[in-house]
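These notes concern the structure reproduced below.
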């Protein structure tokens, strides 16, 4: 539970106690239970809002994961292209070296 939630719950509790203290009549357990229930009704709504926010965050992370996967695929393609290019260039250097060796009779 986050500090804000604790503060909110404390405020609700204090409000219920305040209502309880304002009454001059004796409050039954059922009445007190109803007062507490009304006070905590807002807590359920706040947690529903928090759940919705977490769902939104989860969706955003899914989008980020998808983007990273796309970037990985791009980098893999680039890496293959670069490696193929280097392989061809190295083969060309080796071929040129063979020609030089042959020409120099080494």
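Readers should treat all values here as calculations from the given coordinates under stated rules, not as data from a laboratory. Everything numeric in this text was worked out from a predicted model, so none of it was measured. Note: ideal-geometry Cβ built from the backbone for every residue, glycine included; neighbour counts use all protein chains shown.
Structure notes:
- Residue within the range 48-63 that is within 29 Å of residue 3 (Cβ to Cβ), in contact with a helix residue (DSSP H, G or I) (Cβ under 6 Å, 6 or more places away or on another chain) and not in a loop (DSSP other than H, G, I, E, B) present: no
- Candidates 85, 44 - the one that is assigned to a helix (DSSP H, G or I), loosely packed, with under 10 Cβ neighbours inside 10 Å and without any contact (Cβ under 8 Å) to a residue 12 or more places away in the chain: 44
- Options 66, 87: the member that is under 14 Å from the mean Cα position of the chain (by Cα) and more than 30 Å from residue 4 (Cα to Cα): 66
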